[in-house]
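Please read the structure below before turning to the comments.
The values are calculated or read from the model by the stated rules, or taken from the named source; none is laboratory data. No experiment lies behind these values; they were computed from the predicted model shown. FYI the Cβ positions are ideal-geometry reconstructions off the backbone, even for glycines, and counts take in every protein chain you see. Each accessible area value is taken on the protein alone, full model and side chains, heavy atoms only, with ligands, DNA and RNA left out. Shrake-Rupley method; radii C 1.70, N 1.55, O 1.52, S 1.80 Å.
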Amino acid sequence: MSFKVTNDEGMQFNREDEEENDDDGDGMDLDAWERAYADERSWESLQEDESGLLRPIDNKTLSHAQYRRRLRTTTAARVQKGLIRYLYIIIDLSRAAGEIDYKPSRMVVVARQVEAFIREFFDQNPLSQIGLVTLKDGVTHCLTDLGGSPESHIKALMGKLECSGDSSLQNGLDFVQGLLNQIPTYGHREVLILYSALSSCDPGDIMETIKKCKASKIRCSVIGLSAEIYICRYLCQETGGSYSIALDESHLKELVLEHAPPPPAIAEFAIANLIKMGFPQRAAEGVVSICSCHKEAKVGAGFICPRCKARVCELPTECRICGLTLVSSPLLARSYHHLFPITPFDDVSPSVANDPRKLPKNCFGCQQSLLNPGNMLALCVSCPKCNQHFCLECDIYIHESLHNCPGCESCRHS
C-alpha cells in the first residue's frame, strides 16, 4: 500500500521541520559575549605554574594582595580625613541600565553593589549619613533623604528597581547640590555617581552646574559601567573626585568599596572646630509619643532629644525640632580608629620563611598553624612594632574590624 502526499501537505511538513530546527538552534545561535557568560568563563579560573601545568587560581591570595594594596594606599600618609560625611549616591536607572553585558543586567548588579557599599559605609563611618537619588526619564527621583539607617536605604532601593528613558546628569547634580548646600561647614559633602549611559539629556548648561558644585565644596566621583565620557572626567577633575570605569562585576565591587573609607579632607574643611552634639536616652517601652521623623505616633523603641525632648527613631541624625546633632557614644568610639589607624603589617621575607627557627609555627591571633600540609610555610605577615606573626585572615580581621594589634596590646599590658 502506498501513500501520496500533496504539494501543500509537503510544504506544511517542511515548514514544521524548519520551525523545530529553529527551536533546537536557539541555544546555539548566541553572540560571542553571550557564549562567554553562558560558559561562566571557566578558563579564567586556571593559571600556568612554573612547570607549565595548569592549576586553579588561588583566589584567597589574590584577594588578600588587592586588600593590602588598598590598605597601603589609604594609610600611606597621615592626612586629615572627614569624620562626618554627607554622601548622596546617584544611580543611573535609564534604559542603559537594562543592558545585559553585566549578568543578569547592569541595574541588578549595581543595586547589589550599592547594598554592600551602604553596609560597609556605615560600618566605617558611623557618624555619617547617606541619601539615594535615581536618574530616569530625564528626571531626578529622590528615593531617601540623608539618614543613618542602612536598612531603610536598602529597602527603598530594592523597591524601585525599574529602568526607562534617558538620564540627565545636570538635573541630578542640581538636585543634590541644593540639598548639600544646606549642610553645616563641618560636614564633608560628597556625591557618588554610578553611571550607565553614554550621554546626558540636560535642560541647560551643565558647565554652570559643575561650577556650583565646585563652589559648594562638593566632591563628586563617578564610576562608569560603559565607556569613558568627557563630561564625567571634567566633573571629577573640577570637584576633586575620582573617575573610574568598571571592567566587570568584581572590578565594580572593588571600585565602589574604595569610597567607603573617609577621603582626605578639603583644605578649607581641615580647620578644627567644636561641634555641639547630644547623647539621647532610649525612650521607655510602652510610651506613646509623636515621632519627629515620620510625623506620627509611635510606641517606645526610640530616642529622646536631650535639649527639646523630641522623639527620633534612629541615630545618628539631626533633631527636626531644635537642630541638635544626635549621636550615641558607641558610634563616636567606633570613629576613633580613622584618626589613629593601625600600621599595615609587613610581608614575611623569603629569608625568614626559609629558616623555620626564626618563624613561629602558629598564628599569634587565632593560634592556627602557619605551615601547609607539606611543612611548607604559608603566606603570613608580621607586625612591625611587636614582631608577632599573623595569618592572612587575622590580618584582614585586625585592620578592618578589630583595629588593634593583639601583639601590641599584650605587650602593653604585660
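Go ahead and run the numbers for FRET between residue 274 and residue 371, Cβ-Cβ distance against an R0 of 56 Å, rounding to 0.05.
About 0.55, to the nearest 0.05.
Can you work out the Karplus-derived ³J(HN,Hα) for every residue in region 279-287? Use 6.51 cos²θ - 1.76 cosθ + 1.60 with θ = phi - 60°, whole Hz, and x for glycine or proline.
The phi angles translate into 10, x, 9, 6, 5, 5, 5, x, 8 Hz.
Roughly to the nearest percent, how much of the accessible area of region 221-296 is carbon and sulfur, given a 1.4 Å probe?
Carbon and sulfur atoms account for 56 percent of the accessible area of region 221-296.
Please list 158, 107 from largest to smallest accessible area, probe radius 1.4 Å, with all protein chains kept in place.
158, 107
Suppose each label sits 7 Å from its Cα in the direction of the beta carbon; what would the residue 214-residue 248 distance come out to in nanometres?
3.8
Given a Förster distance of 56 Å, report the FRET efficiency between residue 282 and residue 411 from their Cβ-Cβ distance, rounded to the nearest 0.05.
The calculated FRET efficiency here is 0.90.
Want the number for residue 337 to residue 289: 0.36 nm per residue separation, take away the alpha-carbon distance, what's left?
Between residue 337 and residue 289, full extension yields an extra 13.6 nm.
Whole-Hz ³J(HN,Hα) for each residue in region 158-168, computed from phi via Karplus 6.51 cos²θ - 1.76 cosθ + 1.60 with θ = phi - 60°, x for glycine and proline: what do you get?
With coefficients 6.51, -1.76 and 1.60, one gets 5, x, 10, 8, 9, 10, 6, x, 9, 10, 10 Hz.
Given the whole protein assembly as supplied and a 1.4 Å probe, what does the accessible area of residue 295 come to in Å², nearest 10?
Result for residue 295: roughly 140 Å² accessible.
Probe of 1.4 angstrom, ligands and nucleic acids ignored: what's the accessible area per residue over region 364-414, in square angstrom?
That works out to 60 Å² for each residue.
If you average over every viewing direction, what projected area does the convex hull of the Cα atoms of region 185-226 give, in nm²?
Taking a quarter of the hull surface, the average projection is 3.5 nm².
I'd like the accessible area for residue 408, computed on protein heavy atoms only with a 1.4 Å probe and all protein chains in place. Round to 10 Å², please.
So the heavy atoms of residue 408 present about 30 Å² to solvent.
Enumerate the amide H contacts of residue 219 below 5 Å, restricted to partners 5 or more residues apart or on another chain; note that Pro and chain-start residues carry no placed amide H.
For residue 219, whose amide H was placed from the backbone, the distant partners under 5 Å are 189, 190, 191.
Hey, with R₀ at 51 Å, roughly what FRET efficiency would residue 139 and residue 393 work out to, going by the Cβ-Cβ distance, to 0.05?
0.65
For residue 346 paired with residue 296, estimate the spin-label separation in nm (one decimal), with each label point 7 Å from Cα along the Cα-to-Cβ line.
So the two model labels end up 6.0 nm from each other.
How much accessible surface area, in Å² rounded to 10, belongs to the heavy atoms of residue 162 with a 1.4 Å probe?
Accessible area of residue 162: about 120 Å².
Relative to the Cα centre, what is the charge dipole magnitude of region 199-314, using +1 at the beta carbon of each Lys and Arg, -1 at the beta carbon of each Asp and Glu, and rounding to the nearest 20 debye?
860
Need one word for region 132-189: rounded, prolate or oblate. Basis is the Cα gyration tensor (sqrt eigenvalues a ≥ b ≥ c); a/c below 1.5 gives rounded, then a/b vs b/c decides.
oblate
Top to bottom by accessible area (1.4 Å), largest first, where do 348, 312, 288 land?
288, 348, 312
Quick one: ranking 294, 389 by accessible area, 1.4 Å probe, largest first, what do you get?
These residues rank, largest area first, as 294, 389.
Which of the residue pairs 361/385; 81/276; 214/309; 155/295; 253/385; 276/385 have a Cα-Cα distance greater than 28 Å in the structure shown?
The answer is 214/309; 253/385; 276/385.
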